[in-house]
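Engineer: First the structure, then my questions, so here it is.
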Amino acid sequence: MLLVNILQPKLVLGGPVTLITPRMLEQYCLKGLILDVDETLVPWNDTEVSNELFNWIEQIKKMSISLYLVSNNLSQERIGNIAQALDLPYILGAAKPSRRKLKKAIEQMNIPESSVAMVGDRLFTDVLAGNRLGLFTILVEPMIENNQTRKTWTYLIRNLEIFLSRRLGVSLNPGHNLIQKDQ
């Protein structure tokens, strides 16, 4: 598999995870979502779930979509509290782009890999892990705190990932949809 293909998200959302709509999930025949936590669902230092995120999760649950949190974070207290607030199962210490914990989540969801999407804000962890497993991958914009600037080390790493990926030919334009492009 070419490096450009393994880094190319199937869908570039161009906004936060809460912009994923029930219509999108139906359009791509998705029955399950593996969700990254840090900066995909909540800002990096936050322990509280926003009302917007909570309402989005409840809307997705009503569609009988399986949801599973899979985080590289090792903090049982932090990730566990977020998972509990959302009433979702979780795995921490995933070491993405490793596929091992993603496979475990899919087994627990009891859904074919072809019906599961990996949703995250990072190319070299979330998208790479999902693509290596053959999942539908959705790249979202990171959640940031109101007073947080994009000059933190996390954003420097993310910006480097984006720079390198674009140099390799990855399309990261918001709304880019590999599926529609290929049809």
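The values are calculated or read from the model by the stated rules, or taken from the named source; none is laboratory data. Computed from a predicted structure; not experimentally measured. No Cβ is skipped: glycine too gets one built from the backbone with ideal geometry, and neighbour counts run over all protein chains shown. To get the accessible areas, we keep the full protein, side chains included, count just its heavy atoms, and leave off ligands, DNA and RNA. Shrake-Rupley method; radii C 1.70, N 1.55, O 1.52, S 1.80 Å.
Engineer: Can you go through Asn110, Asn131 and tell me which one is on the phi > 0 side of the Ramachandran plot and at pLDDT 85 or above? Walk me through how you get there before you give the answer.
Structural biologist: On the way: Asn131 fails: on the phi > 0 side of the Ramachandran plot.
Result of the check over Asn110, Asn131: Asn110.
Engineer: Give me the pairs, please: first residue somewhere in segment 84-96 and under 16 Å from Ser66 (Cα atoms), second residue anywhere and among the basic types (Lys, Arg) and open to solvent by 10 Å² or more (accessible area, probe 1.4 Å), beta-carbon distance under 6 Å, and either six or more positions apart or on two chains.
Structural biologist: Ile91/Lys101
Engineer: Identify all residues within segment 142-180 that are farther than 24 Å from Glu113 by Cα, within 16 Å of the chain's Cα centre (by Cα) and modelled with pLDDT of 80 or more; write none if there are none.
Structural biologist: Pro142, Met143, Glu161, Ile162
Engineer: Filter segment 12-21 down to residues that are modelled with pLDDT of 95 or more and not in a loop (DSSP other than H, G, I, E, B) and give me whichever is farthest from Met143 (Cα to Cα).
Structural biologist: The extreme case among them is Leu19.
Engineer: So Tyr68 ticks every box in (1) under 19 Å from Val127 (Cα atoms); (2) without any contact (Cβ under 8 Å) to a residue 40 or more places away in the chain; (3) aromatic (Phe, Trp, Tyr) but one. Which box is left unticked?
Structural biologist: Among (1) under 19 Å from Val127 (Cα atoms); (2) without any contact (Cβ under 8 Å) to a residue 40 or more places away in the chain; (3) aromatic (Phe, Trp, Tyr), the lone unmet condition for Tyr68 is (2).
Engineer: Quick one: would you say Arg78 is open to solvent by less than 70 Å² (accessible area, probe 1.4 Å), over 18 Å from Asn131 (Cα atoms) and of a type in the set (D, E, K, R)? Reasoning before the result, please.
Structural biologist: Values: open to solvent by less than 70 Å² (accessible area, probe 1.4 Å): yes; over 18 Å from Asn131 (Cα atoms): yes; of a type in the set (D, E, K, R): yes.
Taking the combined requirement at face value, the residue satisfies it.
Engineer: Got a sec? Which of Asp87, Asp36 is touching a helix residue (DSSP H, G or I) at 6+ places or on another chain (Cβ under 9 Å), acidic (Asp, Glu), loosely packed, with under 15 Cβ neighbours inside 10 Å and modelled with pLDDT of 95 or more?
Structural biologist: So the residue among Asp87, Asp36 that is touching a helix residue (DSSP H, G or I) at 6+ places or on another chain (Cβ under 9 Å), acidic (Asp, Glu), loosely packed, with under 15 Cβ neighbours inside 10 Å and modelled with pLDDT of 95 or more is Asp87.
Engineer: Report, by residue number, each residue of segment 94-121 that is in contact with a Pro (Cβ under 8 Å, 6 or more places away or on another chain) and open to solvent by 10 Å² or more (accessible area, probe 1.4 Å).
Structural biologist: Gln108 - this is the single residue of segment 94-121 that is in contact with a Pro (Cβ under 8 Å, 6 or more places away or on another chain) and open to solvent by 10 Å² or more (accessible area, probe 1.4 Å).
Engineer: A further question on this structure: Could you count how many residues in segment 22-34 are in a loop (DSSP other than H, G, I, E, B) and touching a Leu at 6+ places or on another chain (Cβ under 9 Å)?
Structural biologist: 2
Engineer: Now for a separate question. For Val70, all conditions in the list (1) at pLDDT 95 or above; (2) of a type outside the set (Gly, Ala, Ser); (3) touching an Asp or Glu at 6+ places or on another chain (Cβ under 6 Å) hold save one; what is the number of the exception?
Structural biologist: (3)
Engineer: Being at pLDDT below 95, surrounded by 14 or more Cβ atoms within 10 Å (Cβ to Cβ) and in contact with an Asp or Glu (Cβ under 7 Å, 6 or more places away or on another chain), is that true of even one residue in segment 46-66?
Structural biologist: yes
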